[in-house]
Amino acid sequence: MSKSVKMADIAKKLNVSIVSVSKALSGKDGVSSDTRQKILDAADQMGYLKVSAKNNGLEQETVVIIVSEKFFGDSSFYSNMYNTLLQKLNSEGYTTLLEIVSDIREKANYIPPALNKKGVVSIIYMGEISRSYINEISKKGIPYFFLDFYDANYNINSIISDSMIGSYLLTKHLIDKGLKDITFVGSISQTSSIMDRYLGYCKAMTLSGNQEFIKHIEDRDESGRFLKINLPDKLPEGYFCNCDEVAFRLIQNLRDKNVNVPNDVSVIGFDGSIIGEISTPAITTYKVDIPAMTQLAVFMVNMLLKHKNLVPRRTVVPGTVVLRDSSK
């Protein structure tokens with residue numbers, strides 16, 4: 001496939017998101033009719049559609065990225081990961097199709113039409129998704145792997161951030177500052193990453209002799225939607241939130257109660273997303289190395305194409321502790 005015209009080029013020309021371009025070109029909902037037409041016209045003028053049409057006759061190599069709707073949004077961690085992954089896959093000559101799966105379709109094990117197209121060489125599941133849904137799609141025999149989650153019951157390649165070590169280091173940072181009563185905020189049964197972050201928190205608390213203070217509170221419902229954090233009458237000295245967005249929401253909640261962060265309570269997050277930078281105060285976090293994870297994902301697609309019997313492995317990508325004003 002020609003590398004001269006990419007979705008990112010169309011997005012830049014029209015000042016729209018790459019996600020909008022992807023939806024418009026693949027005929028998905030989520031963009032207005034006017035925007036869709038502008039994108040299609042620009043794609044035609046810039047030669048993108050002509051290149052695609054030519055390659056369709058050659059059964060171009062297509063990678064389908066599947067993500068649950070509850071994890072995806074224009075300003076979310078997964079939106080950033082997708083945009084980075086899209087650019088890297090396109091630069092390698094792959095056509096990329098994004099499937100944002102609604103709760104209803106996920107529960108119904110709905111097979112995305114994109115998987116019936118010729119030339120689909122790989123599926124990337126980005127973030128946790130129903131195992132029955134994965135099992136149903138796997139019947140099509142298309143190679144797949146997990147990005148930003150894993151399941152020990154699946155002998156499948158997976159690429160994850162170092163959630164356990166990252167959360168250990170963040171919790172230890174608070175402990176080294178003299179805090180003992182630290183509460184973990186996160187629904188630990190929801191995702192493998194939240195569970196690993198909780199375990200890293202527990203390790204730091206236990207090794208420091210603070211195991212009596214180990215406790216956690218739920219941050220989302222059974223559907224994965226965020227809940228408002230219930231604050232106790234007696235606040236802990238610190239909160240370790242499983243992601244920056246939850247930390248941001250908690251800081252707003254504390255502010256409404258006239259609680260100052262970090263003077264009254266320290267708050268830390270995880271991911272290193274933009275919301276942690278724009279927060280007041282800015283949020284101490286563990287920055288996930290999205291460029292490295294997505295580069296490994298592209299490498300994995302290439303390997304699966306070349307080696308049908310590739311030995312599955314779980315690749316753990318380290319991140320970086322970023323200290324900011326939300327922790328003492």
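The values are calculated or read from the model by the stated rules, or taken from the named source; none is laboratory data. Remember, predicted model here, so these are calculated numbers, not experimental data. Please note: Cβ atoms are built from the backbone with ideal geometry, for glycine as well, and neighbour counts cover all protein chains shown.
Observations on the model:
- For segment 172-182, the criterion of being at pLDDT 95 or above and closer than 19 Å to Val288 by Cβ is met by at least one residue.
- Ile274 surrounded by fewer than 14 Cβ atoms within 10 Å (Cβ to Cβ), under 30 Å from Tyr94 (Cβ atoms) and touching a residue at least 60 places away in the same chain (Cβ under 8 Å): yes
- Candidates Ile134, Ile165, Ile188: the one that is among the hydrophobic types (A, V, I, L, M, F, W, C), closer than 30 Å to Leu115 by Cβ and under 22 Å from the mean Cα position of the chain (by Cα) is Ile134.
- The residues in segment 87-125 that are modelled with pLDDT under 90 and β-branched (Val, Ile, Thr) can be counted, and the count is 0.
- Residue satisfying all of: in segment 292-326; closer than 30 Å to Lys177 by Cα and of a type in the set (Gly, Ala, Ser); farthest from the chain's Cα centre (by Cα) among these: Ser326
- Flag for Lys203 being farther than 21 Å from Asn80 by Cα, of a type in the set (Lys, Arg) and outside any loop (DSSP other than H, G, I, E, B): yes
- Boolean, Asp256 is of a type in the set (Asp, Glu) and buried (at least 17 other Cβ atoms within 10 Å of the Cβ): no
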